[in-house]
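Chemist: Take a look at the following structure, please.
The values are calculated or read from the model by the stated rules, or taken from the named source; none is laboratory data. This one's a predicted model, so the numbers in the text were calculated from it and none came from an experiment. Neighbour counts are summed over all protein chains in view; Cβ atoms, including those assigned to glycine, are modelled from backbone coordinates with ideal geometry.
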């Protein structure tokens, strides 16, 4: 499948066309998570969770409501007393090599931050980012602290998600809301890399969403492109 372009706010596009494109994108996300076995609506897990959930299991907070790490249900069942859901081998390889490549290309001008950086929008609202790219003029590293950062990065790159979304009927809603929230906060571009479906979703502040295969080059910033297939082959 080639590139799919979605214009969420383009009234000149027909409603039917937008619906078809969104349905195709939802199918890609569904396929990505179905293959991981994460799309089963098991409400019994929630009912069996008699013990409280530690703060360490909170992945994000949206409108004062926690979004938990995928795997927190095992803690509720007593199967796991440690923080759930580390990165897979493939996810870790992509993140590591992507950071290395980006640093070699733009490291003199930009900070490339990783390790699920917490981005604080407001009280009761923060999101996590696998990779966040800041222009060095945006932040003063001398003021770095153990608190979440409240400055929007230029670029956010996500490799899948560590959020538990089993009980969300419309799984596209999670990606849509997180992407819109980041862009509305001031992020110029959000890039989602899906490992199972091998697709890349790119959304920018113009509200144009593009869905590509891994074989297509991804523009990070002007003049800087990466290719996931080439990135993996270079490992």
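Chemist: I need the full set of residues from the range 43-59 which are at pLDDT below 50 and surrounded by fewer than 11 Cβ atoms within 10 Å (Cβ to Cβ), in order please. Show your work before the answer.
Modeler: In the first step, residues of the range 43-59 are kept if they are at pLDDT below 50; the result is 43-50.
Across the range 43-59, the qualifying residues are 43, 44, 47, 50.
Chemist: Also, I was wondering about something else. Residues that are over 20 Å from residue 220 (Cβ atoms) and surrounded by fewer than 18 Cβ atoms within 10 Å (Cβ to Cβ): does the range 183-195 have at least one?
Modeler: Within the range 183-195 (the criterion being over 20 Å from residue 220 (Cβ atoms) and surrounded by fewer than 18 Cβ atoms within 10 Å (Cβ to Cβ)), the answer is yes, since at least one residue qualifies.
Chemist: Surrounded by fewer than 16 Cβ atoms within 10 Å (Cβ to Cβ) and within 14 Å of the chain's Cα centre (by Cα): which single residue out of 173, 205 fits that description?
Modeler: 173
Chemist: Of the residues 62, 67, which single one is in contact (Cβ under 8 Å) with a residue 60 or more places away in the chain, under 23 Å from residue 196 (Cα atoms) and either surrounded by 16 or more Cβ atoms within 10 Å (Cβ to Cβ) or out of contact with any strand residue (DSSP E or B) (no Cβ under 9 Å at 6 or more places or on another chain) (or both)?
Modeler: Of 62, 67, the one residue that is in contact (Cβ under 8 Å) with a residue 60 or more places away in the chain, under 23 Å from residue 196 (Cα atoms) and either surrounded by 16 or more Cβ atoms within 10 Å (Cβ to Cβ) or out of contact with any strand residue (DSSP E or B) (no Cβ under 9 Å at 6 or more places or on another chain) (or both) is 67.
Chemist: From the list 172, 121, pick out the single residue that is in contact with a strand residue (DSSP E or B) (Cβ under 8 Å, 6 or more places away or on another chain), closer than 24 Å to residue 65 by Cβ and touching a residue at least 40 places away in the same chain (Cβ under 8 Å). Working first, answer last.
Modeler: On the way: 172 fails: in contact with a strand residue (DSSP E or B) (Cβ under 8 Å, 6 or more places away or on another chain).
Criteria check complete, one pass: 121.
Chemist: Taking residue 112 as meeting all but one of (1) out of contact with any helix residue (DSSP H, G or I) (no Cβ under 6 Å at 6 or more places or on another chain); (2) farther than 26 Å from residue 73 by Cα; (3) assigned to a strand (DSSP E or B), write down the number of the exception.
Modeler: (1)
Chemist: Looking at (1) out of contact with any strand residue (DSSP E or B) (no Cβ under 7 Å at 6 or more places or on another chain); (2) buried (at least 18 other Cβ atoms within 10 Å of the Cβ); (3) in contact (Cβ under 8 Å) with a residue 40 or more places away in the chain, which is the one condition that is false for residue 159?
Modeler: (1)
Chemist: Starting from residues that are surrounded by 14 or more Cβ atoms within 10 Å (Cβ to Cβ) and in a helix (DSSP H, G or I), keep the ones in the range 70-89 and report whichever is modelled with the highest pLDDT.
Modeler: Per the criteria, the residue is 72.
Chemist: Of the residues 199, 136, only one is under 16 Å from residue 94 (Cα atoms), modelled with pLDDT of 95 or more and more than 11 Å from the chain's Cα centre (by Cα); which?
Modeler: Being under 16 Å from residue 94 (Cα atoms), modelled with pLDDT of 95 or more and more than 11 Å from the chain's Cα centre (by Cα) holds for just one of 199, 136, which is 199.
Chemist: Checking the conditions here, which among 183, 226 is in contact (Cβ under 8 Å) with a residue 60 or more places away in the chain and either within 19 Å of residue 152 (Cα to Cα) or touching a helix residue (DSSP H, G or I) at 6+ places or on another chain (Cβ under 9 Å) (or both)?
Modeler: On the way: 183 fails: in contact (Cβ under 8 Å) with a residue 60 or more places away in the chain.
Matching residue, one of 183, 226: 226.
Chemist: Return yes or no: is residue 178 closer than 30 Å to residue 72 by Cα, out of contact with any helix residue (DSSP H, G or I) (no Cβ under 9 Å at 6 or more places or on another chain) and outside any strand (DSSP E or B)?
Modeler: When the stated conditions are applied, residue 178 passes them.
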